[in-house]
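I have placed the structure first, in the form of structure tokens, so that the comments after it can refer back to it.
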Amino acid sequence: MFAHIIELTARAGQAKRVVEIIRDQAIPKIIQPAEGFVDELVLLSLSDPNHVTAISFWRDKEVSDRFDQYGFDQVSALLQSVLSAK
């Protein structure tokens, strides 16, 4: 199994919206249908109100890398309006 960890910085006050978009749109429509996907955790920081961590689990590194070639851009486009430009 392989885990892919992504650290995200939301625009002020938008962290919960980031989580909602990942949960309601990215996971069911883009990530879950991908070959080799196992599960996803999305964590909201208690110490930094604008920090979100997403951990996706994949069958192996090869399928994770393959998803990154097309899926990462799709998920990024969904989140563009709520992420900080940092």
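Scanning the stretch 26-50 for residues that are open to solvent by less than 60 Å² (accessible area, probe 1.4 Å) and among the polar types (S, T, N, Q) gives S45, N50.
Any idea which residue in the stretch 53-66 is farthest from R11 (Cα to Cα), counting only those that are among the hydrophobic types (A, V, I, L, M, F, W, C) and in contact with an Asp or Glu (Cβ under 8 Å, 6 or more places away or on another chain)?
Going through the stretch 53-66, the residues among the hydrophobic types (A, V, I, L, M, F, W, C) turn out to be 54-55, 57-58, 63.
Filter once more, so that each one left must be in contact with an Asp or Glu (Cβ under 8 Å, 6 or more places away or on another chain): 54-55, 57, 63.
Details: A54: 16, I55: 20, F57: 26, V63: 31 Å.
Per the stated criteria, the residue is V63.
Those residues that are in contact with a Leu (Cβ under 9 Å, 6 or more places away or on another chain) and surrounded by 15 or more Cβ atoms within 10 Å (Cβ to Cβ), I need them from the stretch 51-81; list them, please. Within the stretch 51-81, H51, V52, A54, S56, F57, L79 meet the criteria.
The values are calculated or read from the model by the stated rules, or taken from the named source; none is laboratory data. Note that this is a predicted model, so its numbers are computed, not measured. Positions of Cβ are backbone-derived with ideal geometry, glycine not excepted, and every protein chain shown enters the neighbour counts. Protein only, heavy atoms only, side chains kept; ligands, DNA and RNA dropped before computing areas. Shrake-Rupley method; radii C 1.70, N 1.55, O 1.52, S 1.80 Å.
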